[in-house]
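See structure below.
No lab work stands behind these numbers, since they all come straight from the coordinates. This structure is a prediction, so every number in the text was calculated from the model and none was measured. Counting neighbours? That spans all protein chains shown, and the Cβs are built from the backbone with ideal geometry, glycine included.
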Amino acid sequence: PSKMLPGRMMATMALLVTVQGFVVTPNAVTFLRSTSLIAGSTTRAMSLSGGSPTMATKGGKREAVKGFFKDLLFPIPKATAPDAALEFASTCFFPTEFHKVPLIQVKDVNYDTKVFTFGLPEGVSLDLPVCACLLVQGFDDSGEAAIRPYTPTSSNDQKGSFDLMVKIYEKGVVSQWLNHLKVGTMVGFKHIAFNIKSPYPFAGKTKINMICGGTGITPMYQALHKIVNTPGDTLEVTLLCGNRSPADILLRKELATAVEKSGGRVKVVHVVGDKPDMPPIPGWTGELGWVDEEKVKKHCFAPASDVLTLVCGVPGLYDVMCGPRTEPEVKAGSVLYKLGYTKEMVSKM
């Protein structure tokens, strides 16, 4: 009843303040229990001891209480499906114009990388083709829109949400914008035909090179996950992945799992260094320096009609390896050009 609302809100707010101070009053708990605002499990987490007027909450109990009130007072919006009459470039949930879904969780990966989880309608898959990416609509400090491509690290088997792994660059407009979002913020995504690159199962190809740096690993992992989890797949893969330090290597355990699951079809080569002549790093036995012509020639499959080379990373990596992402031709003078790879053998992710 509306007459109950002021008292209920006052009791809720009073209890929230004491919870944040790690003290719960028995009267407030009794009131909320009687009004069915607290589920049984949450009530148990806040159970009082010996009739004492206060109780210190610790560990999981404290988090349960804080989580309960966060959900109660600041509910996350529900994702809705886009209008079916809109244009869709593929089977992907998102149309070719921006559709907003809520940010529902943020997790730290390392010192400068996070996983952002976005909601979808319950039971719905992102259903994004492999290899393809989404476009995210962020904003700069002046409020102007800034669009960036990101490839989810979650598979299409995940229902009701999808994950983006994002490196937070100091001057990255969209990554910084994402980094400052609050859970519950609605974020626009779209999916266009241009961002469907050479799609799995890579018709006519038997060997795949993957050359990447930093979060450029995400489309490679998307493809690897599909390759090693598809019964009967026979593709062979070499992944050449560059990072500044061992601590910067992303999805390292997941890549190791893919290698183990592939039965010898997948080879992963990590290259670590912040300069081409990187000195030895204690405890590191892998390649040192940058991903360069020598390492491509040493580890990757040689140019051939049945070979496809996927490239993804910062603009500098594209420039050195094959030319700008927006240009289909392999740039003259680039590493892949000099080694004999043609446009038909290269896909800029």
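Principal axis extents of the C-alpha atoms in segment 187-275 (largest first, rounded to whole Å): 39, 37, 22. What is the sum of charges, Lys and Arg at +1 and Asp and Glu at -1, for the other residues whose Cβ falls under 14 Å from the Cβ of THR96? Summing Lys/Arg as +1 and Asp/Glu as -1 gives -2.
Scaled against the 2.2 N^0.38 Å expected of a compact globular protein of N residues, the Cα radius of gyration of segment 116-262 reads 1.10.
When the listed pairs LYS267/LYS348; LYS114/LYS182; LYS78/LYS190; LYS205/LYS275 are checked against a 23 Å cut-off, the alpha-carbon distance exceeds it for LYS205/LYS275. Using only the alpha-carbon atoms of segment 197-349 as identical scatterers, what base-10 log of I(q)/I(0) does the Debye formula give at q = 0.10, 0.13, 0.16, 0.17 Å⁻¹? Here the Debye-derived log intensity ratios amount to -0.32, -0.55, -0.84, -0.95.
Taken over the alpha carbons of segment 93-144 as equal point scatterers, the Debye sum produces base-10 log I(q)/I(0) values at 0.22, 0.28 Å⁻¹ of -1.14, -1.24.
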